[in-house]
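Working notes for the structure below.
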Amino acid sequence: MKFKYCPICASELEHYQDAEVERQRCTAGSCNYVNWNNPTPVVAAIVEHEGEVILARNKLWPEDWFGLITGFLEFGESPETGVLREVEEELGLQGEVIEFVGHYDFTQMNQLLIAYHVRASGDIVLGDELAAFKRVNPTELQPWPMGTGHAVRDWLIRNHARSDLEPVTP
């Protein structure tokens, strides 16, 4: 995220090159603020419920977009705890982490995605952020080309012997 002013002293920020990364720093010099612009950790769940994968549509997304359950990792929270919290908040389901799927750069959003396979139970009750959900049989699930789609691809290869897919795990 780029800022125009220092969040500490309100002086203007300047751009500078730090190795191969462009950063921002305070022009006042007295507060020594640097905007590191580090990626934000986001947890993602491949939710398996009654043998199918649950995909959800955020209220802000187009009608035909569906994706994994995701959310920001909270302060002091482990990724495993965070992903289960998100499943409960967004779907109203109780979950169990089955496996760590992988971590993925999502540079378009400056995020680090931490993906898990979560087996969930209960009745689906959509949280405030979601407009809809759909069930997809894992044999019919198709990964998308960016973001959490890479986790879906790796999970399908590992757990459903999808030899038609190339892995993306680094």
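The values are calculated or read from the model by the stated rules, or taken from the named source; none is laboratory data. Since we're looking at a predicted model, the values are computed, not measured. FYI the Cβ positions are ideal-geometry reconstructions off the backbone, even for glycines, and counts take in every protein chain you see.
The set of residues in the stretch 57-80 that are of a type outside the set (A, V, I, L, M, F, W, C) and surrounded by 14 or more Cβ atoms within 10 Å (Cβ to Cβ) comprises R57, N58, G67, T70, G71, E77, P79, E80.
Would you mind stating whether F133 is touching a residue at least 40 places away in the same chain (Cβ under 8 Å), among the hydrophobic types (A, V, I, L, M, F, W, C) and closer than 30 Å to K2 by Cα? Answer is no for this residue.
Let's see how each residue does on (1) touching a strand residue (DSSP E or B) at 6+ places or on another chain (Cβ under 9 Å); (2) farther than 29 Å from A161 by Cβ; (3) not β-branched (V, I, T):
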site	(1), (2), (3)
E80	yes, no, yes
E88	yes, yes, yes
L91	yes, no, yes
D123	no, yes, yes
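Residues in the stretch 19-50 that are surrounded by fewer than 16 Cβ atoms within 10 Å (Cβ to Cβ) and touching a Lys or Arg at 6+ places or on another chain (Cβ under 9 Å): N32, V34, W36, N37, E50.
Checking E14, E89, E96 one by one, the residue that is assigned to a strand (DSSP E or B), at pLDDT 95 or above and among the charged types (D, E, K, R) is E96 and no other.
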